[in-house]
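The values are calculated or read from the model by the stated rules, or taken from the named source; none is laboratory data. Since the model is a prediction, treat every value here as computed from it, not as a measurement. Please note: Cβ atoms are built from the backbone with ideal geometry, for glycine as well, and neighbour counts cover all protein chains shown.
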Amino acid sequence: MTDVIRCSWAGMADPIYLTYHDEEWGRPVRGDDGVFERVCLEAFQSGLSWLTILRKRENFRAAFDHFSIPKVAAYTEEDVTRLLGDPGIVRNRAKIEAAVGNARVALDLPGGLSDLVWRYADPDAPVPASMADVPATTAASKALAKELKRHGFRFVGPTTAYALMQAIGLVNDHVEGCVARSAAPE
């Protein structure tokens, strides 16, 4: 019997990581609300464990109206207060206000958020031999972060932008031989 090869981070003790790695990470996400959800979750993750975000993901979806851009863009200070009181999500005022502000910006993007983000796809990125070969930022993630900030997005630095690119399939950073690499379309 052959051992299954996976990216080293997927071997963490929690099965949530394994499921996320095998079924979602690196697979294309298109559509404004789907991309908006990932932008928000990556921003909420900043400074925290990704496992914390994955464990709270369904709570985030419920709290943020399934990341419907028009609904989140219409949030008021009362909604921010509601979210700050929700123990099922990360209760950080700056990140919550950024999510609301980012929704407002996304609502007004010509062509939409998905179209803007997918301009930075890098299908020719080198195949990493190990996670040590996976960068924290790239020229493309720096350019994406700069473009998002130019439009008024917050909590979207180059590292967060690269994590977004990995998560939604703009790059395929599954390591060489990883079982999920071939499942993630190039």
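Taking the criterion of being closer than 24 Å to D115 by Cβ and surrounded by 14 or more Cβ atoms within 10 Å (Cβ to Cβ), would at least one residue in segment 75-96 satisfy it?
yes
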Pairs where the first residue, in segment 135-147, is basic (K, R) and in a helix (DSSP H, G or I) and the second is modelled with pLDDT of 95 or more and crowded, with 16+ Cβ neighbours inside 10 Å, C-beta under 7 Å, 6+ apart: K142/P158
query: Taking segment 65-96, which residues are closer than 16 Å to R154 by Cα and either acidic (D, E) or assigned to a loop (DSSP other than H, G, I, E, B) (or both)?
result: N92
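Here's the yes/no breakdown for (1) in a loop (DSSP other than H, G, I, E, B); (2) closer than 27 Å to A145 by Cβ; (3) of a type outside the set (G, A, S); (4) within 19 Å of the chain's Cα centre (by Cα):
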site: R6; (1), (2), (3), (4): yes, no, yes, no
site: A10; (1), (2), (3), (4): no, yes, no, yes
site: R27; (1), (2), (3), (4): yes, yes, yes, yes
site: G34; (1), (2), (3), (4): no, yes, no, yes
site: V39; (1), (2), (3), (4): no, yes, yes, yes
- line: Being in a loop (DSSP other than H, G, I, E, B), β-branched (V, I, T) and closer than 18 Å to G101 by Cβ narrows V171, V179, V156 down to just V156
